[in-house]
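**Q** Structure in structure tokens, see below.
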Amino acid sequence: MPPVACIILAAGQGTRMKSDLPKVLHPVAGTPMIAHVLNACADLLPEQIVVVTAPDATEIEKAVAPQRCAVQAKPLGTGDAVKAARMALAGFTGDIIILFADGPLITADSLRALRRKRAETSAAIVVAGFSPEDPAANGRLVLDDQGRLAAIVELLDATPEQRAIRLCNGGAMLFDAAALWPLLDKLRDDNAKKEFYLTDCIALARAAGDDCAVAELPADEVYCVNNRVELAQAEKLMQRRLRERAMLGGATMTDPDSVFLSMDTKIGRDVTIGPNVVFGPGVDIGDRADIRAFCHIEQARIDAGAVIGPFARIRPGSTVGAGAHIGNFVELKKADVGRGAKINHLSYIGDATVGDKANIGAGTITCNYDGFRKSHTDIGAGAFVGSNSALVAPVKIGDGAFIGAGSVITNDVPADTLAVARGRQSNIDGWAGRMRDDKIKK
């Protein structure tokens, strides 16, 4: 294979998204759309990736750094956008793949398919094609009797015979670098929009005697997003892909359609995931972990054999040790929970360390914020914290210490010590009966 470079077109206005956030930065599976495209390109080990943006697209430039950006000064069409990358790719020889930043489902395998087709055919241009169930308004790819690409015809310009064609334009294109720039120079804006269309390069190449070819790709991989409805569809397609990858990797999902993953979610072997579980970015699940229904986990590590949920929330910066139990309606935030520890119900543990095999009773909270700063709570190995206790940080509970239920702990508790911090109980004999009798008389 010859060297390869990639041009990613990201200069569109994205007005149909109706958003202050640039369209290509809207996330799919927790990752901006353009990052998906960059990752697919990076797998090819290209000599260079150039991102074409509109002027003053600082948010996009920051998001794609350190990749080089080129600016399309005015929105004059896709052909003009590619011209903006000419200086960045001056002197490059080989394959140039052009694709769209709002197509987050493209994969490196599909880009390799474009390259294989060029290697097989020596075509000057290879176009990504796909065959949807309903071709709808997609441009049709017209082939000649030898199977070469003869033209790309937009629906409004298509004859009845051409409209019956199922093979459609998938957007991504691969050019021989030696052919690309001369073809762009020949483009004309003699159309209703007065724009320079990259697809017009097919007719120009054929007129110059060069062959063009089609590499047919899966329909979902060429899907592009223009509005929020299509963004939701892209999310649906990506989630299906990620779920299949996780299950083929050895995870069990009792209701896959209700589980939502991020692109970087790592799931070990023999992990069980219940229904309605959400994995935000930065989650690593160890082998044999059991993630029960209605859990939300983000930027956290769950070690082997741990049990999470149901209805648990694991927030960023948390780790759950091997064999630990985090139960229903427990919230962790920046908490390091040791091996075999148990926090089984109705607790908030934030900015804390929980030692191996410690037991945290129901309703316990770490009071980590005093209105000005966050402070740390250190709970030792084997400690037992009674139900409905409040640990006011900064505070340290020693190894093996016991905290009486209902205590408010404001001072350190030494190892193997019992701490009780609550009002002493008083019983008044007969009080209840006298109170009832008094009420009845009145």
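The values are calculated or read from the model by the stated rules, or taken from the named source; none is laboratory data. All values derive from a computational prediction rather than experimental measurement. Cβ atoms come from the backbone with ideal geometry, glycine included; neighbour counts cover every protein chain shown.
**Q** Out of D270, D257, D264, D190, which single residue is over 17 Å from F100 (Cα atoms) and either part of a strand (DSSP E or B) or in the same structural domain as R118 (by TED's automatic domain parsing) (or both)?
**A** After applying the criteria, what remains is D190.
**Q** If you check A401, A352, A383, A390, which single one turns out to be in contact with a His (Cβ under 9 Å, 6 or more places away or on another chain) and without any contact (Cβ under 8 Å) to a residue 60 or more places away in the chain?
**A** After ruling out the rest, the residue left standing is A352.
**Q** Which condition breaks for K23 when tested against (1) exposed (fewer than 14 other Cβ atoms within 10 Å of the Cβ); (2) over 26 Å from V126 (Cβ atoms)?
**A** (1) is the only condition that K23 fails.
**Q** Residues that are touching a residue at least 60 places away in the same chain (Cβ under 8 Å), at least 2 per element: which helices (runs of 4 or more DSSP H) completely within segment 65-180 meet that?
**A** 78-83, 108-121
**Q** To continue, here is another question. Could you please let me know if L242 is over 23 Å from T15 (Cα atoms), modelled with pLDDT of 95 or more, not assigned by TED's automatic domain parsing to the domain that holds L174 and not polar (S, T, N, Q)?
**A** yes
**Q** A further question follows. Consider A123 carefully, then state whether it is modelled with pLDDT of 95 or more and either more than 24 Å from Y223 (Cα to Cα) or of a type in the set (F, W, Y) (or both).
**A** Against the criterion (modelled with pLDDT of 95 or more and either more than 24 Å from Y223 (Cα to Cα) or of a type in the set (F, W, Y) (or both)), A123 qualifies.
**Q** Are any residues in segment 196-234 in contact (Cβ under 8 Å) with a residue 24 or more places away in the chain, in a helix (DSSP H, G or I) and either closer than 30 Å to G30 by Cβ or under 33 Å from the mean Cα position of the chain (by Cα) (or both), and if so, which ones?
**A** L198, T199, A219, D220, E221, V222, R228, L231, A234
Residue by residue, here is whether (1) touching a strand residue (DSSP E or B) at 6+ places or on another chain (Cβ under 8 Å); (2) surrounded by fewer than 18 Cβ atoms within 10 Å (Cβ to Cβ) holds:
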{"position": "D190", "(1), (2)": "no, yes"}
{"position": "K236", "(1), (2)": "no, yes"}
{"position": "R241", "(1), (2)": "no, yes"}
{"position": "A246", "(1), (2)": "yes, no"}
{"position": "T252", "(1), (2)": "yes, yes"}
{"position": "I267", "(1), (2)": "yes, no"}
{"position": "V277", "(1), (2)": "yes, no"}
{"position": "G280", "(1), (2)": "yes, no"}
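**Q** Might you let me know whether segment 406-426 holds any residue that is closer than 25 Å to S318 by Cβ, touching a Ser or Thr at 6+ places or on another chain (Cβ under 9 Å) and surrounded by 14 or more Cβ atoms within 10 Å (Cβ to Cβ)?
**A** Yes: one or more hits.
**Q** Determine whether V51 is under 26 Å from Q299 (Cβ atoms), touching a helix residue (DSSP H, G or I) at 6+ places or on another chain (Cβ under 6 Å) and crowded, with 21+ Cβ neighbours inside 10 Å.
**A** No.
**Q** Here is a list: D145, D134, D200, D210. Which entry is under 23 Å from Y223 (Cβ atoms), in the same structural domain as L9 (by TED's automatic domain parsing) and acidic (D, E)?
**A** Unique residue meeting the criteria: D134.
**Q** From (1) surrounded by fewer than 23 Cβ atoms within 10 Å (Cβ to Cβ); (2) of a type outside the set (G, A, S); (3) in a strand (DSSP E or B), pick out the condition that doesn't hold for L332.
**A** Of everything listed in (1) surrounded by fewer than 23 Cβ atoms within 10 Å (Cβ to Cβ); (2) of a type outside the set (G, A, S); (3) in a strand (DSSP E or B), L332 misses just condition (1).
**Q** Within the bounds of segment 332-346, is there any residue that is without any contact (Cβ under 8 Å) to a residue 60 or more places away in the chain, in contact with a Leu (Cβ under 9 Å, 6 or more places away or on another chain), farther than 26 Å from S407 by Cα and assigned by TED's automatic domain parsing to the domain that holds G404?
**A** no
**Q** Which of the following residues is buried (at least 21 other Cβ atoms within 10 Å of the Cβ) and either more than 18 Å from L198 (Cβ to Cβ) or in contact with a Phe, Trp or Tyr (Cβ under 7 Å, 6 or more places away or on another chain) (or both): D80, D109, D95?
**A** D80
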